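Inspection log for the structure reproduced underneath, given as structure tokens.
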Amino acid sequence: MAVKSSNIGDRIFDIFNIVLMALVFIATLYPFWYIAVASVSSIDHIIGNTFLLWPNGFHWDAYKQVFRNDLIPAAYRNTVFVTVVGTALSMTLSVIGAYVLSVRDLPGRTGLTFFVVFCMLFGGGMVPYYLVVSATGLINSIWSLIIPGCISSYNVILLRNFFQNVPQGLYEAAVIDGIRPTGYLFRILLPLSTAVIATVTLFYAVSYWNDYFTSILFIRDRTLWPVQRVLREALLTAEFNNMMYEDARQTQPPETIKNAMIVVAVLPILCVYPFIQKYFVKGVMIGSMKG
């Protein structure tokens, strides 16, 4: 009887968990689904239904209008450039820095590690940050969205911890075989680090793609705005309507265009994430282990 009671209790607990997770899943997914449905629905259908489950046909006029305006395709190109170039630069510098910090007999290694950790915990503030970028001449330049924040101390420590957990015997065997330190990094260490490399790459890519605040600080020219800055203007300011209606071909209501812009801004990352997700948990857990 005790066993049956235990089994019934486990089943009730499992059912409760399934129902709870299903509700959480629906509550999380529906806002994205609503935006996607609203972006391809007619404005009358959106106004007449407070709870949208399916569009009344597929109307792509909002997406055509989004890419017809010169501001939005330019912003998309800027974001793609910043994400691709920024992620490549950040990964290169982070891997090199983490590899140097992982060398056990490096002179001054403890001090360098302390400096990186200190920078992770404390910052100079927004005003010194702006003054430094201004002094380097990067104001109103696309590179101001990449160079000032191209290294994350957290990601360097994550990579460094993983590199330290690789058995020292591999390095000693590589030295015996005549492999130089750079050869050990590219031929042995990086192929073993697929999970943590994919995870940190995702961190950097999402950070660059979603960043809008840096452009508020440093970018004055609209043609250099990233897509997230344009999206912010669309959702929070009235200036967006003026920008959109400067185009005489504007035919869609602002609400529909805003929904289409949200989908355009979020969809690329959603498409990339499933291919990296299998490395995500493994990379974070392994990289976070103390070396």
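The values are calculated or read from the model by the stated rules, or taken from the named source; none is laboratory data. Just so it is clear, the structure is predicted and the values come from calculations on it, not from any experiment. For neighbour counting, all protein chains shown are included, and Cβ atoms are generated from backbone atoms with ideal geometry for every residue, glycine included. Protein only, heavy atoms only, side chains kept; ligands, DNA and RNA dropped before computing areas. Shrake-Rupley method; radii C 1.70, N 1.55, O 1.52, S 1.80 Å.
For the reader, a short list of remarks on this structure follows.
- For chymotrypsin sites (Phe, Trp or Tyr not before Pro), the sites in region 110-170 that DSSP calls loop and that have at most 16 other Cβ atoms within 10 Å are 122.
- Coupling constants for region 20-27 follow from the phi torsions by the Karplus curve (6.51 cos²θ - 1.76 cosθ + 1.60, θ = phi - 60°), and in residue order they are 5, 5, 5, 5, 4, 4, 5, 5 Hz; glycine and proline get x.
- Accessible surface, per residue, of region 123-238 when the full set of protein chains is kept, probe 1.4 Å, Å²: 49
- Normalising the Debye intensity of region 1-156 to I(0), with uniform scatterers on Cα atoms only, and taking log10 at q = 0.11, 0.13, 0.20 Å⁻¹ returns -0.86, -0.93, -1.21.
- Distance from region 183-212 to region 111-136 (C-alpha centre basis), Å: 23
- In nm, spacing of pseudo-spin labels at residue 143 and residue 109 (7 Å Cα→C-beta vector): 3.4
- Estimated vicinal HN-Hα couplings, Hz - region 194-211 in sequence order (Karplus 6.51, -1.76, 1.60; Gly, Pro = x): 4, 5, 6, 5, 5, 5, 5, 4, 5, 4, 5, 4, 5, 4, 5, 5, 8, 6
- Of the listed residues 150, 271, the order by accessible area with a 1.4 Å probe, largest first, is 271, 150.
- Stretch gain in nm, segment residue 34-residue 10, where the contour uses 0.36 nm per residue and the Cα spacing is subtracted: 5.1 nm
- The candidates 177, 221, arranged from most to least accessible area with a 1.4 Å probe in the full protein assembly, appear as 177, 221.
- The mean sequence separation of alpha-carbon pairs under 8 Å and at least six residues apart, normalised by the residue count of region 44-169, gives a relative contact order of 35 percent.
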